[in-house]
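Working notes, beginning with the structure itself.
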Amino acid sequence: MRTFTPVYCPSPLSGITPLLYVAQTRQSSILRILLQYGIVEREKNPINIVLTISLYPSRVRTMVDHELVDIQEDAKTCLVLCSRVLSVISTREIETQLSLGKRPIISNWLDYIPSTRYKDPCELLHLCRITIRAQLLTNNMLPNGIFSLLIPVRLQNYLNLES
């Protein structure tokens with residue numbers, strides 16, 4: 001059985017990375033896989049991915065009414081997924097873009113970002129997830145290394161961003 005191991009070395013000449021493409025098209029199922037492999041943790045400015053998901057209209061899909069609903073639902077799922085790997089999401093940057101005339105894909109976007117990512121103290125459980133994932137990522141063990149940890153399956157699933 002072959003496993004998927006993404007190689008993530010964005011080139012300034014290429015312009016678009018696989019992660020940015022997935023964010024632009026709001027492909028939540030693919031985003032989940034990329035996040036499980038630690039791609040967002042390797043980003044220098046992960047807020048750019050959140051901004052792309054939240055604000056920028058899709059360049060790939062043609063938006064007709066029924067597709068807009070699908071894009072909005074995918075954007076909601078993508079925001080929730082990003083909040084599982086980031087300890088801080090700067091809502092100030094999103095609000096700045098809104099003040100410059102950008103329009104959000106979902107009007108109540110703040111409802112999909114936990115207050116513990118922008119206002120309240122971050123939960124200890126979430127900080128532990130980030131720390132353990134960072135250690136596994138450093139040793140190139142994401143996501144398979146999660147399942148070799150001698151911890152309950154429920155915690156393995158939590159570390160693998162399934163809840």
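At a threshold of 8 angstrom on Cα-Cα distance, excluding pairs fewer than six apart, so keeping six or more, what relative contact order does segment 18-119 reach in percent?
Values: 107 pairs, mean separation 34.5, N = 102.
Averaging sequence separation for qualifying contacts and normalising by length gives 34 percent for segment 18-119.
Sorted by packing (mean other beta-carbon atoms within 10 Å per residue), highest first, where do 129-140, 29-40 land? Before the final figure, lay out each step's value.
Details: 129-140: 15.1, 29-40: 19.2.
Those peptides, ordered most packed to least, come out 29-40, 129-140.
What Kirkwood radius, in Å to one decimal, follows from the Cα pairs of segment 18-119? All intermediate terms of the calculation are to be shown ahead of the outcome.
On the way: mean 1/r = 0.0738 Å⁻¹.
Result for segment 18-119, one decimal place: 13.6 Å.
Sorting ARG26, ARG84 by accessible area (1.4 Å probe), largest first, what list results?
Numbers: ARG26 0, ARG84 45 Å².
Most to least solvent-accessible, the answer reads ARG84, ARG26.
Mind listing the Cα extents of segment 71-163 along all three principal axes, in Å, largest one first?
49, 28, 22
What is the P(r) of segment 120-163, as percent of Cα-Cα pairs per 10 Å bin from 0?
Once binned at 10 Å, the Cα pair distances of segment 120-163 give 29, 57, 13, 1.
The values are calculated or read from the model by the stated rules, or taken from the named source; none is laboratory data. None of the values given here were measured: they were computed from a predicted structure. For neighbour counting, all protein chains shown are included, and Cβ atoms are generated from backbone atoms with ideal geometry for every residue, glycine included. Surface accessibility is based on the protein's heavy atoms, side chains included, excluding ligands, DNA and RNA. Shrake-Rupley method; radii C 1.70, N 1.55, O 1.52, S 1.80 Å.
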